[in-house]
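The values are calculated or read from the model by the stated rules, or taken from the named source; none is laboratory data. Bear in mind that the values here come from a model prediction, so they are computed numbers and not experimental data. When we count neighbours, we look across all protein chains shown, and the Cβ atoms used for this are built from the backbone with ideal geometry, even at glycine.
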Amino acid sequence: MELFGRFLLQTKEVEETKSFGCRFRGASQDTDLEEMFEQFTTIIKRRFQEFNEKDSGWTLQQLLHVDVRVNKINPLKASSYIPLPKEIEAKKAVLNIQNTDQKCFVWSVLAAFHPIHWTQNANRVQNYQPFEQELDVRGIDFPISLKQISKFEQLNNIPINVYGLEKAYKHDRNIVEAVGPLYFTRSHKVDRHVHLLLISDDSGNNHYCLIRNMSRLISNQLSGKQHSKFLCDGGLVYFSSDVKLKNHQKYDCGHVIVETPSDNLKKNKYGENIPENILKFTNLERKLKVSFVVYADFETILEPIQTEQNELDSEISYTVKTHQHVPYSFAYYIKCDFDNSQSIFKTFRGPDAHKVFIDWLETDCKSIYNRYMKNIVSMPPLSSVQEAVFYQVTHCHICERPFNIEDERVRDHCHLTGNYRGAAHSVCNLNFKVPNFIPVFFHNISNFDSHLFIKELAVEEEQLDVIPQNKERYISFTKHVMVDDDVTQQEQEKRQQRVFLKLRFLDSFRFMAASLDKLSQNLTSQQCREVRKFFPNEEEFKVIRMKGVFPYSYVDSFSKLDDTKLPPIDGFYNELRKEAIKQGDYERALNVWNLFKCQTLGEYIFKIRRTIIN
């Protein structure tokens, strides 16, 4: 699907038609087309938005139309003679050799290199039997299956493409069309391709024929016209003239050919011979869970901006800045994977919240390193049962490959707790290291939260790595925090060795593209273990599990946070979305205020935030 629009570049007074599309997706009878359309729409909206954010200067003038393209993919299905369908035979494009053996593939290939005129009984197998020894068919079974064609190509250095036939209903009648390819050669040669047609009968018998004139066979079904089509054998594209085809073959053909992985064996980094067309997970160090994860969130004051209302040009799009987001509060939860008692929840409210956030987070980062990561916890001696199992197991618990006689078997253990994990190859154990980063998750950090504090990260001397989406948005960014500054004695010289731990800021929305409210509705009460820790009372837990209600537009100064009562329902009106909250939502907010005995609006917001972080 592709959306077209007319755009204007005002600086140069240039108009152009631009489009935003998405790739083809496979669909079958059980495909939910409405869901597929929604996915296409989401992709197009995102690409349109990304285009607008690149400061290109183009402005949308008019939406023109949407193109929806449908490509039909046909899975195609060899032995003795089978007659061609009459409409295919009438095109005089396919040579059907009348063999009685199972070598129709061989005779068709030989016919391509020893052509005989139609009038000289070109379909008789006797014409090609004298040349049979030209082809090497060692190790090939007859009739030749599609899987054996690649072997035939290697033995004879002859590229083969195989097509099929399919019934269709067009122009108020049933017709037969060529479809495919069923088999597409990987060879880049463009001067020696052989095109074969695979046909079948009602009994399931198959038969190879030689396509002598591809243009004559397919031109009518490609464009509905009888004009010749010049097909490139290497890239399966066609042209209207021989000159264009030759130019393509000379300059472009090698770049447009579609290659798929073969079943040729290739050694991976563990020395295993794996077929190229089989993907296998090899980054085994990624199997080790990170020991600490941070979940964070900011709250901001919508501080009004004094702007001059100059006369605006209604013909030009513009933006009027009315408020600025000033961070006044943050909260984050450090989740410890191996010891939940070490998990920490922190919150702050006050001026310079963004600066305090960076300071606290880096301090905690250094504390985590020095307490848990700096020194390896030794593994206690194994029990007699563990020791027996260590020698009995046949596979490495990390890579899951078997132990060979020459492999060095070691006892793998957690460097943070000392717990024994299992028997492993020595090389696997050496690479199975504690990750040197701590992920910090915000929901929608790419669009909002990152703008609040990234400048504070950038002004410090440590390295900052950024994966940008555009000049204003970031997919991810990583801060290198120096956690140790040892001076070591090495080779009779004192050397300073700096150790860094990375804070990797990630957007949870990119993993779960929905609002936190919708995501929380997918969880059962039993799954909200972290929230339950902070709200053990059943009544408090039930209330806090519901969607929190915030008076975003009302809080436009720090003084509002000291209000001793909840704003009236009008105070919850959202100026940005131009919508008010429902009476039921406001009553739930009052219930939270009274249940938790909140003294100020800031305290109310603090209670709600715990559910967002946890």
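For the stretch 126-134, check the following and say yes or no: at least one residue is assigned by TED's automatic domain parsing to the domain that holds ASP202 and part of a loop (DSSP other than H, G, I, E, B).
Yes, the conditions are met somewhere in the stretch 126-134.
Against the definition (touching a Lys or Arg at 6+ places or on another chain (Cβ under 8 Å), part of a helix (DSSP H, G or I) and closer than 19 Å to GLU299 by Cα), how does GLY571 come out, yes or no?
no
Any idea which residue in the stretch 159-186 is modelled with the lowest pLDDT, counting only those that are among the aliphatic types (A, V, I, L, M) and surrounded by 20 or more Cβ atoms within 10 Å (Cβ to Cβ)?
Step by step, filter the stretch 159-186, then rank; the result is ALA178.
Output the qualifying pairs, or none if there are none: Cβ atoms under 7 angstrom, residues six or more apart or on different chains, first residue in the stretch 434-450 and part of a strand (DSSP E or B), second residue among the charged types (D, E, K, R) and at pLDDT below 85.
From residues that are part of a strand (DSSP E or B), the pairs are PHE442/ASP449.
Taking LYS266 and the conditions (1) in a strand (DSSP E or B); (2) modelled with pLDDT under 75; (3) not acidic (Asp, Glu), which numbered condition does it fall short on, given that it satisfies the others?
For LYS266, the failing item is (2).
Can you confirm whether PHE550 is at pLDDT 80 or above and outside any loop (DSSP other than H, G, I, E, B)?
When the stated conditions are applied, PHE550 does not pass them.
Of the residues that make up the stretch 320-330, is at least one at pLDDT 90 or above, surrounded by 10 or more Cβ atoms within 10 Å (Cβ to Cβ) and either outside the structural domain of GLU575 (by TED's automatic domain parsing) or under 29 Å from LYS455 (Cβ atoms) (or both)?
Yes, some residue in the stretch 320-330 is at pLDDT 90 or above, surrounded by 10 or more Cβ atoms within 10 Å (Cβ to Cβ) and either outside the structural domain of GLU575 (by TED's automatic domain parsing) or under 29 Å from LYS455 (Cβ atoms) (or both).
Working only within the stretch 135-165, note down all residues that are of a type in the set (A, V, I, L, M), within 20 Å of ILE82 (Cα to Cα) and assigned to a loop (DSSP other than H, G, I, E, B).
The one that is of a type in the set (A, V, I, L, M), within 20 Å of ILE82 (Cα to Cα) and assigned to a loop (DSSP other than H, G, I, E, B): ILE144.
Go through the stretch 510-548 and give me each residue that's of a type in the set (Phe, Trp, Tyr) and either assigned by TED's automatic domain parsing to the domain that holds TYR295 or exposed (fewer than 13 other Cβ atoms within 10 Å of the Cβ) (or both).
The one that is of a type in the set (Phe, Trp, Tyr) and either assigned by TED's automatic domain parsing to the domain that holds TYR295 or exposed (fewer than 13 other Cβ atoms within 10 Å of the Cβ) (or both): PHE511.
Somewhere in the stretch 406-415, is a residue closer than 24 Å to VAL499 by Cβ and of a type in the set (Asp, Glu)?
Checking the stretch 406-415: at least one residue is closer than 24 Å to VAL499 by Cβ and of a type in the set (Asp, Glu).
Go over the candidates LYS321, LYS335 one by one and state the one that is at negative phi, among the charged types (D, E, K, R) and part of a loop (DSSP other than H, G, I, E, B).
LYS321
Can you find, within the stretch 280-309, the residue that is nearest to the chain's Cα centre (by Cα) among those that are farther than 18 Å from LEU430 by Cα and charged (D, E, K, R)?
Top of the filtered list is LYS280.
Identify, please: which residue in the stretch 552-603 is under 42 Å from the mean Cα position of the chain (by Cα) and of a type in the set (Lys, Arg) and is, among those, surrounded by the fewest Cβ atoms within 10 Å (Cβ to Cβ)?
LYS578
Would you point out which residue out of ILE88, ILE82 is over 27 Å from the mean Cα position of the chain (by Cα), in a loop (DSSP other than H, G, I, E, B) and either charged (D, E, K, R) or modelled with pLDDT of 80 or more (or both)?
The unique qualifying residue is ILE82.
I need a count of the residues in the stretch 507-536 that are at pLDDT 85 or above and of a type in the set (S, T, N, Q).
The qualifying residues number 1.
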